[in-house]
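Peer 1: Have a look at the structure that comes next, please.
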Amino acid sequence: MKVRRSPMLTTVLIASSYPLIVEGIKTVLENNRDVGTVLSAESYQETIEEIKKVAPDVVILTQQIKDGYGLDVIKACKAEHPSMKFLLMSYMSQIKVFEQAVEAGASGVLFISATKDELFAAISAALTNEIYVQPKLASLLFGNRKMSADGEFLLTPRQQQTIELIAAGYTNKEIAFSLSLSIETVNTHVKQILKKLKAKDRAQATAIAFRKPLIS
C-alpha cells in the first residue's frame, strides 16, 4: 500500500520503549518506497529532542514510553509543530483513548494488533489532514451514529456533541466551556463539521443535521 505523499519521501519517528514494536514497524516502513527515513526514540526526552532536531513528518508513539506518555509528547509538541502528524498506538480498543488522542492533536489511534495495511492507511490519512479511525474501533466509536447514504460515518462523538450545541445556539466559546475543550479544538471540530456536511456556515450545518437527521 502506498503512502500518499509527494514529491518528497516521508520521515517517520517511532517513539516506544518496546523494542519489538519499534523493530516491527521499522521493518514494515523501510520496505515501503514512499518512506524515506525511519528513526526511533525510547524515552520522553529523546523523543522531544528528535522532534526538535529532525522535524519528522509523522510521529508514531505508544501510550507509554520511557519516563513519560505518548499523549504528553503530543500535547508538548503540537503547538510548536502544527503541521507535524502524530499517531498513537494503543493496547486496548477504548473510545476514551481515541478521543483523548485526537483532542491532544493526534491524527488517529492504531491498536498494537494493527495490520501493515492499516498502518499505511493511518499514515496516509494523517498526511492528507484526515483523522484515521481503524475499522476495529469504528464499530465501537460509531455503533449508534447516523450514517450517510454511501455508508460513511458523518460525525465523531465530539462532533456530534458540537453540532447539537451549535443547534442550541451556543457560540464556540460556550461550546468549549460546556465540553471542557480548548477554543482551538472546538474551532477544529466546527471546521470539520462544515466540511463533512458540505455546509457554508453554522446555520446551514444545523439545517442539514436536522434533515439527515443527526440531531432531533
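Since every read-out is calculated from the coordinates, none of them should be taken as a lab result. Quick caveat, the model's predicted, so the values are computed rather than measured. No Cβ is skipped: glycine too gets one built from the backbone with ideal geometry, and neighbour counts run over all protein chains shown.
Peer 1: In a solvent-free Debye calculation with one equal scatterer on each Cα, what is log10 I(q)/I(0) for the range 157-211 at q = 0.23, 0.30 Å⁻¹, listed in the order of the q values?
Peer 2: -0.80, -1.31
Peer 1: Set the Förster distance to 41 Å, then compute FRET efficiency between GLN161 and GLN45 from the Cβ-Cβ distance, nearest 0.05. Each step should come with its number before you reach the end.
Peer 2: Values: r = 36 Å, r/R0 = 0.87.
Once the sixth-power term is evaluated, E becomes 0.70.
Peer 1: Among GLN161, LEU181, ALA209, whose Cα lies farthest out toward the positive end of the dipole of the range 157-211, if unit charges sit on the beta carbon of Lys, Arg (+1) and Asp, Glu (-1)?
Peer 2: Most positive-ward Cα: ALA209.
Peer 1: If the reach is capped at under 20 angstrom between alpha carbons, list the lysines near LYS26, excluding any in the same chain fewer than eight residues apart.
Peer 2: LYS2, LYS53, LYS66, LYS85, LYS116
Peer 1: If you bin every alpha carbon distance in the range 10-140 into 5 Å steps from zero, what whole percent lands in each bin?
Peer 2: Answer for the range 10-140: a P(r) of 2, 11, 24, 27, 22, 11, 2, 0 percent.
Peer 1: For a quick check of your reading of the filter: which chymotrypsin sites (Phe, Trp or Tyr not before Pro) in the range 39-132 sit in a DSSP loop and have no more than 14 other Cβ atoms within 10 Å?
Peer 2: On the way: sites: TYR44, TYR69, PHE86, TYR91, PHE98, PHE111, PHE120, TYR132; in loops: TYR91.
When the chymotrypsin sites (Phe, Trp or Tyr not before Pro) of the range 39-132 are filtered for loop state and at most 14 Cβ neighbours within 10 Å, TYR91 remain.
Peer 1: State the extension gain, in nm to one decimal, for the chain segment bounded by PHE177 and GLU130, taking 0.36 nm per residue of separation less the distance between their alpha-carbons.
Peer 2: 14.4 nm
Peer 1: Quick check: residue separation of LYS96 and ALA55 times 0.36 nm, minus the Cα distance between them. What number comes out in nm?
Peer 2: 11.9 nm
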